[in-house]
1. Any idea which of 67, 102 is of a type outside the set (Lys, Arg), surrounded by 13 or more Cβ atoms within 10 Å (Cβ to Cβ) and assigned to a strand (DSSP E or B)?
2. For residue 96, only one of the following conditions fails: (1) among the hydrophobic types (A, V, I, L, M, F, W, C); (2) surrounded by 14 or more Cβ atoms within 10 Å (Cβ to Cβ); (3) part of a strand (DSSP E or B). What is its number?
3. Check residue 53 against each of (1) surrounded by fewer than 16 Cβ atoms within 10 Å (Cβ to Cβ); (2) in a strand (DSSP E or B); (3) of a type outside the set (D, E, K, R) and name the one condition it does not meet.
4. May I ask you to say which residue of 66, 87, 47, 80 is at pLDDT 95 or above and out of contact with any strand residue (DSSP E or B) (no Cβ under 9 Å at 6 or more places or on another chain)?
Amino acid sequence: MSENELNAVRVARIHEAFASVPYAKFLGLELGEMKPGEASLHLEVRDELKQNQGVVHGGVVASLIDTASAFAVVTQLEPDERVTTTDLTIHYLRPVISGRLTATARTVRAGRRLFVLSVEVMDDREKLVATAVTTYIKLQ
């Protein structure tokens, strides 16, 4: 196994953790590719996720970003470790009205307690629709 791959135990733990998040199910989030320090999640746009102007609600995009980031961190945690978001800065670059979104979160720095991540959200035409930087902290 290379440093770019996760072992089977860690992959199983990630899938189990993802399946235990009711909010992810509610939104319709799907796990994508997982690597150490990196995670991709997908979301099919539905009318229920849009605001009154017919555009995907910013909170939905924020949830996609936050969840992708959380799972990028999970790829680096031991089974007994837990984290939570300490900040999230999002730049919405273009509106989304249909299609499939993919958020890819990458760890920029993994310290003893803090994780800093960069996230890109692409639409199904490979257009960048949002970027984010977020920080997670290990809970003690």
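The values are calculated or read from the model by the stated rules, or taken from the named source; none is laboratory data. In this text the structure is predicted, and so the values were computed from the model without any measurement. Positions of Cβ are generated from backbone atoms using ideal geometry, with glycine treated the same way; all protein chains shown enter the neighbour counts.
1. 102
2. Result: residue 96 passes all but (3).
3. (2)
4. Within the list 66, 87, 47, 80, the selection yields 47.
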